[in-house]
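So the structure is just underneath, and the comments pick up after that.
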Amino acid sequence: MIKVSVFYPNQPGTRFDFDYYTATHLPLVRDKLGAACKGIAADRGMAGGAPDAPAPYVAIAHLFFESVDAFNAAFGPVSGDILGDIPNYTDLSPVLQISEVLINASRSETEELRAHS
């Protein structure tokens, strides 16, 4: 399993419309990517690690796929539609990272994994 994370840097004076992002853009992404997209999540940055520090990212989206090839096959044909929608909710340039998912479990699932190891 891989995770495609899309980071939106928190920069002063930029625009980010969370209502549009969550109600319109992310459903568009999910629909365009189809069954290849196994899951989707979105985060709103709240704070940095130090007291009163701003979040380094205003938002982060996470999309899950079986493999990098599955992501590329799904994203390639619809990339123009997805990327073309970005100006509707932000003037930021997103940063993309693809990661291998090593653990994806709730707290109870993690505790169960430890009990059986």
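A short reminder: the numbers here are calculations on the coordinates, not readings from a lab. Remember, predicted model here, so these are calculated numbers, not experimental data. For neighbour counting, all protein chains shown are included, and Cβ atoms are generated from backbone atoms with ideal geometry for every residue, glycine included.
Things worth noting here:
- Selection within the range 1-43 - of a type in the set (V, I, T), in contact (Cβ under 8 Å) with a residue 60 or more places away in the chain and under 21 Å from V68 (Cα atoms): I2, V4, V6
- I60 vs. criteria closer than 18 Å to F7 by Cα and not acidic (D, E): yes
- Each residue in the range 55-83 was checked for being exposed (fewer than 11 other Cβ atoms within 10 Å of the Cβ) and under 22 Å from D17 (Cα atoms), and 1 pass.
- Scanning the range 29-57 for residues that are β-branched (V, I, T) and either out of contact with any helix residue (DSSP H, G or I) (no Cβ under 9 Å at 6 or more places or on another chain) or under 16 Å from Q97 (Cα atoms) (or both) yields one hit, I40.
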